Each structure stands twice: as structure tokens, then as C-alpha cells.
Amino acid sequence: MFKKNKKNKKEIYHLITDKDINFSFAEAFRVFAVNLRFTFAQKFSRKVIITGFNENMGKTMISTNLAIAMAQSGFRVLLIDCDLRKPCVHKLFKDENTIGLTHILCDDVKVDDAIKKSQVDNLWYLTAGVKSPNPIKLLLSPEMSELLNNLGREYDWIILDTPPVGVVSDALILSNNCDGVILAAEEGVSDYRQIAKAIEEIKYVNGNLLGVVLNRAKNNRRRYYYQYSYGQDK
Ligand SMILES: Nc1ncnc2c1ncn2[C@@H]1O[C@H](COP(=O)(O)OP(=O)(O)OP(=O)(O)O)[C@@H](O)[C@H]1O
Ligand SMILES: [Mg+2]
């Protein structure tokens, strides 16, 4: 369906709000959002991390489309770019990464001045902000815990886009301040050992693994180009 553009792969993102988006692609995210919603039926505010073992697996694309699908269901949603090493969320909203999370954590700006309303109803986003020499220190800081606690009072869902767990530990660090972790995997690229290792690491830090999303599924017999397995191996 969507072919990779090798020359400029990082710049092309498909959003479920695009006019010409494939129906099955958009529908898969709507189903994903419904399932995720029922996983936390009893809770008011939910913070969910999207990560994966490797780079370039579609973590940011999945985070953003999931956030849009949740917002379209009527929830107040905040998408946070917690990838302080390779910030990308701003690109999906055709925005700049001038003020963001790192500025809030360093007390350079107020939270309300950094969070932006997207063109999608009920959806706000917080870009990563200026690159930090020590992202782990920032994500581990009491300021980050306090920020997530406070934001949890304002939004029904907070989706955190993070770097790959197979490369850096940022997502693992955040998992203690969040309600669950979703792993992205890529058909034909992610192997069993990588997924098992990522699951082991999430469990080691007492993270709540919610499920694995299979991106770029190639099997035509499947109903969706984009697949997920869900609620497994908690
Ligand atoms: N299912 C898909 N269909 C089409 N294009 C996709 C799909 N998944 C990801 N892509 C494209 O692949 C590229 C990489 O995706 P993305 O930036 O979301 O990956 P990532 O895992 O967040 O990468 P990084 O590790 O660098 O943060 C983007 O251009 C994105 O649009
Ligand atoms: Mg990314």
C-alpha cells in the first residue's frame, strides 16, 4: 500500500486524518484505540508509552495516529514527544520544535505555553524541545514525574512517543511514571529475540506491557495492512 521512500523516508508520514488515507489503515487505528480504551475501563487518566526495539519501526507514526484516533473518540488527548534524541512529532503536525518538553523541565517556559492545540479536535501535542546532552537525567527528574502527574489531571489520555528500547533506556525510565507500554514491531525486520529482549527489559523495570503492535504487516491474507496483537503477556 504505502511504499517506503528510500531517499527521504523520514519525511513521509501517513496520518489517519489525511484525505486520501487507506480505509483499512485508518480503521486499524480506530480498533486499536477502542481496544486500548477498554483495557483501562476503570481509570480516569491513562499514560501510555509507545516504543519498539529498533529505530525506524514506525513508533512516531503509531503514537500520532493512535493519539488522533483517541481524540476522534471524544477524549482529551495529549501526545508528548519524549524522544529527546531524535525529536519528530513536530514534523507530523508540520510544526517547528522550538519550545517543548525540555524547556518545561528546565523551567524555561510554562507548561501552557509549550503545549499546542492540533487541528484535530481534542488533540494537543508537546514537542520535545531543544536537544539535551543528558536526556536520561531529564526523564528521570522529579520535574518529569510531577509534570506527568499534573498533566494526568487535564487529559484523558497521554501518549508518549519514545526512542527504541534496544538502543537507549529512555522508554524504560518513563515506564514507572506511566500506566502501560506498547511495543512496536515490524514484520520481516523484528525478530523473536529482539521482541523477547524488549519484553524482558520492560518487565525488569516493572513496566506494564500492554501488547505488541505489528507494523508494516506484509501478509495479504490479513485484514489490515497494519496489525496489532493486544492484551497479551501482561
Ligand atoms: N505502516 C507504515 N506505512 C507506511 N509508512 C510507514 C509505516 N510505518 C512507518 N512508516 C514510515 O517510516 C518512517 C519511519 O517512521 P517513524 O519515524 O514513525 O519511525 P520511528 O520508529 O519513530 O523512528 P525513530 O526510531 O527514528 O524514532 C516514516 O517516514 C513513516 O511514515
Ligand atoms: Mg520516532
Can you give the % of DSSP beta bridges in the chain that are antiparallel, to the nearest 5?
20
Once R0 is set to 35 Å, what does the formula 1/(1 + (r/R0)^6) return for the Cβ-Cβ distance between Glu154 and Asp20, expressed as a FRET efficiency to the nearest 0.05?
0.55
In deg cm²/dmol, rounded to the nearest 500, the helical mean residue ellipticity at 222 nm of the chain, built from -39500 (n - 2.57) for every DSSP H run of length 4 or more, is -9500 deg cm²/dmol
Relative contact order computed over the chain (Cα-Cα under 8 Å; 6+ residues apart), in percent
25
Can you give the convex hull volume of the alpha carbon atoms of the chain per residue, in Å³?
123
FRET efficiency (Glu146, Gln119; Cβ distance; R0 25 Å; to 0.05) is 0.25
Where does each of Glu186, Glu27, Glu55 land when they are ranked from fewest to most other beta-carbon atoms within 10 angstrom?
Glu55, Glu27, Glu186
Within 12 Å, Cβ to Cβ, of Lys116, how many net charges do the neighbouring residues add up to if Lys/Arg are +1 and Asp/Glu are -1?
-3
Most mobile of Gly74, Gly180, Gly211 in a GNM of the chain (Cα contacts under 10 Å):
Gly74
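Laboratory data are not the source of any read-out in this text; all were calculated from the coordinates shown. Treat the numbers as computed from the prediction; the structure is a model and nothing was measured. Note that each Cβ is placed from the backbone with ideal geometry, even for glycine, and that neighbours are counted across all protein chains shown.
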